[in-house]
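Notes to accompany the following structure.
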């Protein structure tokens, strides 16, 4: 009888020990909660990325007003805030194009961007385009604006970093850097000299009409 009792006690102890070991092998609920939380954050981030552009469209940092005679185009990249075609002057082979760029709050200094624009032109007499560029500053609706005017042969890269350049003779650029609440916006009008001159007053009206967003 004593032997049977000892056997039952041993079996019971072994069962308890096995149960305890099995309980230690079960995963803690904490990692599962952490994983779910990360997944939720990722989903929330994705939703935020989707809704952010809509919010930005409702409350832009700059309000732009297209001018009479301009053709509003769909921007061809997310770095372009607006894009306009300005019909060519009589005798020109192509239209002028105005593009409003935004590269983020840290897009380089004003001087660096003016230098980059100057590098997109060469002068027929071999002189410096940086020296040929005319610049001025003004304040519009409380915003600091730097304007640039440059003529020459347009040799900008077809795509930034591609090393492949256009070569267009007798071109002109009117450009402006506007310091908005979210960083600099870049206005760049390029086209045949006669076409850009045709729309010069209209471009100036466009820049003067900018207003800060809400």
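Of the listed requirements (1) surrounded by 12 or more Cβ atoms within 10 Å (Cβ to Cβ); (2) out of contact with any helix residue (DSSP H, G or I) (no Cβ under 7 Å at 6 or more places or on another chain); (3) at pLDDT 95 or above, residue 182 misses just one: (3). Restricting attention to the range 65-103, which residues are closer than 16 Å to residue 145 by Cβ and surrounded by fewer than 17 Cβ atoms within 10 Å (Cβ to Cβ)? Across the range 65-103, the qualifying residue is only 65. In the range 132-165, the qualifying residues are those that are outside any strand (DSSP E or B) and at pLDDT 95 or above, and the one that is nearest to residue 206 (Cα to Cα) is 141.
Taking the conditions (1) at pLDDT below 95; (2) buried (at least 16 other Cβ atoms within 10 Å of the Cβ) in turn, residue 106 satisfies each one other than (2). Using the structure shown, decide if residue 148 is buried (at least 17 other Cβ atoms within 10 Å of the Cβ), without any contact (Cβ under 8 Å) to a residue 40 or more places away in the chain and more than 25 Å from residue 62 (Cα to Cα). Against the criterion (buried (at least 17 other Cβ atoms within 10 Å of the Cβ), without any contact (Cβ under 8 Å) to a residue 40 or more places away in the chain and more than 25 Å from residue 62 (Cα to Cα)), residue 148 does not qualify. Within the range 98-110, being over 19 Å from residue 133 (Cβ atoms) and part of a strand (DSSP E or B) holds for 100, 102. Inside the range 169-193, residues that are closer than 19 Å to residue 148 by Cβ and touching a residue at least 40 places away in the same chain (Cβ under 8 Å) make up a count of 17.
The values are calculated or read from the model by the stated rules, or taken from the named source; none is laboratory data. Bear in mind that the values here come from a model prediction, so they are computed numbers and not experimental data. Cβ: placed from backbone, ideal geometry, glycine included. Neighbour counts: every protein chain shown.
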